[in-house]
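> Let me give you the structure first, and then I'll get to my questions.
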Amino acid sequence: MGQSEQNRVRKISLADYRGEIKDRLGNIIANVRPSFSLYVTPEDADNLSESLEFLSGLIEINKDKLRNDIRQSPSFKNVLIKRDISRREVAYIEENKMLLPGIRIKVEPIRNYAHKDFASHVLGYLGEVSKGELKTSKFGRYEPGDMVGKNGLEKIYESELRGKKGFKEVEVDVSGRELIALRKLSPKTGNSLVLTLDSRVQGKLETLMDEVLGENSAEGSAVVMNVQSGEIIAMVSKPSFDPNSFATGISRKKWNSLVRDEKNPLQNRTIDGQYPPASTYKIVTAYAALSEKIIKPESTIFCPGHFRLGKRNYRCWKKRGHGNMNLHDALVQSCDVYFYTLGHRLGINNLAKYATKLGLGELTGIELKGEKSGLVPSKQWKKKFKNEPWYPGETISASIGQGYNLVTPLQSARMISVIASGGLLVRPYLVKRIENSDGKLIQEFFPEIRRNIDIDPEVLKHLK
């Protein structure tokens, strides 16, 4: 039999190019970079165990996973050994390729996050498509080893960002070496996301948060939002993570260290961290008291440094007291006694009514997954979930944002935005538009007003 008759034709898939993620000004946040990946074609590998043993001298290989992948794949298909190998490793393999039949290097695009942990909780990360996902119709076009969005915008907009694979038909010899290209269909690049984020503001906020939280990576979150439109200009959650470590296929050891870290760097605290709102809640108490005509803005309440209810004293943060306080002074000084007094006069259900009007206790509707709704306590809530009556002392704590009250940082930002915008309760959002690889508009997203809250103009003026 002649040599050419032993040759055969093989169809080889060509990796697609994932779409870019840019900020509102077109600055690149995530794109792709070229990388070298190592594959084996089982059909061409004469003695795979020997070849892997040889490679293990330089490259860390998960042999168990590789053998499992080979078992589940047709023998003529390329199976990934390792993604994104170094130039030194490339040179080593090229020098010894005669000893490594069926093993080859492919140049492939890989996800690249331009500023490491910058906005990592918004962007999310990639991971290898799972066996479970491959069984679903949504992942019908995917193959084992493909990288898919696992969290954040990368997951939500997976179908937009993902490109389309190409292929080439080549004639190969008995060792699987490519001889002649017969036919080729080039891969296509996915669509791009243009975000509402401003990289300059995001970068500044990241730096400020690092400075505030210090070297021990304390936990915290900050968000900047356009009060009229709901566009998120910056969103930071700390501690954070570098999504680049996922793009190349994260090791089990690294993944376990992230998951087991008690500070939970993968958590987006801006949307799923629930905290007592503390003194930011005094806006709610003031809004309720003015609307229910419990006080007039110029009315004064005397603060001796504590508020007495029954046999208990509730302290103000200023031990000596603030003296006579009107609404403006009480908000400026954040006088606890003033708001204890208002809360006591209003009752918990009135506080709950106005907190709910300002969007607390409900999801904001941002497109990110995993958002929490916080908690607005009331008499009915406590009876239902605790099977206990509401006590007057609990209203005192609630009036300054303590007790059972829980909000997310994003809810707090939206609550203040309602006052700042004159009563607009907007849906916060992160994606301005989707474009194709040539910059042509595919879809645009617009501000969405959830409801227009009818706040008395006089009340609004004093709150502002």
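The values are calculated or read from the model by the stated rules, or taken from the named source; none is laboratory data. Keep in mind the model is a prediction, meaning the values are calculated, not measured. So basically every Cβ, Gly included, is an ideal-geometry build from the backbone, and we count neighbours across all protein chains shown. With ligands, DNA and RNA removed, areas are computed over all heavy atoms of the protein, side chains included. Shrake-Rupley method; radii C 1.70, N 1.55, O 1.52, S 1.80 Å.
> Nearest 20 debye, what's the magnitude of the dipole of the chain about its Cα centre given +1 on Lys and Arg Cβ and -1 on Asp and Glu Cβ?
1620 debye
> Something else: Compute the FRET efficiency between I28 and L309 as 1/(1 + (r/R0)^6), taking r as their Cβ-Cβ distance and R0 = 60 Å, and round to the nearest 0.05.
Step by step, r from the Cβ atoms, then E = 0.55.
> If you take all C-alpha pairs in the chain, what percent of them are over 27 Å apart?
The proportion of pairs with Cα distances above 27 Å equals 64 percent.
> Short version: ³J(HN,Hα) in whole Hz for each residue of region 377-387, in order, from phi by Karplus 6.51 cos²θ - 1.76 cosθ + 1.60 (θ = phi - 60°), x for Gly and Pro, what are they?
In residue order, the calculated couplings are x, 8, 4, 5, 4, 5, 5, 5, 9, 10, 6 Hz.
> Taking only protein heavy atoms and a 1.4 Å probe, what accessible area per residue, in Å², does the chain have with all protein chains in place?
50 Å²
> Probe radius 1.4 Å, ligands and nucleic acids left out: which of Y287, Y17 has the largest accessible area, and how do the rest follow?
Putting Y287, Y17 in descending order of accessible area: Y17, Y287.
> How far is it, in nm, from the label point at E53 to the one at K386 when both lie 7 Å from their Cα along the line to the Cβ?
Roughly 6.8 nm, to one decimal.
> Further, regarding this structure: What aspartates and glutamates could a cross-link reach from K204, if we take a straight Cα to Cα line under 14 Å and drop same-chain neighbours fewer than 8 places away?
Hits, sequence-local ones excluded: D117.
> State, to one decimal in nm², a quarter of the convex hull surface area for the C-alpha atoms of region 238-362, i.e. the direction-averaged projected area.
Mean projected area of the Cα convex hull: 11.3 nm².
> Where the centroid of each part is defined by its Cα atoms, how far is region 30-81 from region 366-410 in Å?
Region 30-81 and region 366-410 have Cα centres separated by 53 Å.
> Another question, then. Where Lys and Arg each count +1 and Asp and Glu each count -1, what net charge lies around S186 among other residues with Cβ under 11 Å from its Cβ?
Once positives and negatives cancel, what remains is +4.
> Rank these residues by their accessible area, most exposed first, probe 1.4 Å: T341, T300.
T300, T341
> Determine the alpha carbon to alpha carbon distance for each of K63/K168; K138/K263; K63/K164; K155/K188; K82/K106 and list only those over 22 Å.
K63/K168; K138/K263; K63/K164
> Here is the link list: K238/K386; K22/K116; K311/K384. Which ones come out longer than 22 Å on Cα distance?
K238/K386; K311/K384
> Taking one equal scatterer on every alpha-carbon of region 344-464, how large is log10 of I(q)/I(0) by Debye at q = 0.16, 0.21 1/Å?
Log-scaled intensity ratios, in q order: -0.86, -1.22.
> Given the options Q228, Q402, I28, identify the residue whose Cα lies farthest towards the positive end of the charge dipole of the chain (+1 on Cβ of Lys, Arg; -1 on Cβ of Asp, Glu).
It is Q402.
> Here is a follow-up. Let me check against my output: what whole-number percent is the relative contact order of region 13-82, with C-alpha pairs under 8 Å and at least 6 apart?
Relative contact order for region 13-82 comes out at 36 percent.
> What's the FRET efficiency of F76 with F445 using the Cβ-Cβ distance as r and R₀ = 45 Å, to the nearest 0.05?
Efficiency, rounded to the nearest 0.05: 0.55.
> Here's something else I'd like to know. For Q274 and V201, what does the FRET efficiency come to when R0 = 22 Å and r is the distance between their Cβ atoms, rounded to the nearest 0.05?
Result of the calculation: an efficiency of 0.30.
> Residue by residue through region 356-368, what is 3J(HN,Hα) from phi via Karplus (6.51 cos²θ - 1.76 cosθ + 1.60, θ = phi - 60°)? Round to whole Hz and write x for glycine and proline.
Per residue, the Karplus-derived 3J(HN,Hα) values read 5, 4, 8, x, 7, x, 9, 5, 6, x, 4, 6, 5 Hz.
> Between S13 and L99, how many nm apart are label points set 7 Å from Cα along the C-beta direction?
For the pair S13/L99, the computed spacing is 3.2 nm.
> When N is the residue count of region 12-124, what does its C-alpha Rg come to as a fraction of 2.2 N^0.38 Å?
Cα-based Rg divided by the globular estimate yields 1.27.
> According to a simple spin-label model (label point 7 Å from Cα along Cα-to-Cβ), what is the distance in nm between L182 and E60?
With each label placed 7 Å out from Cα toward Cβ, I get 4.1 nm.
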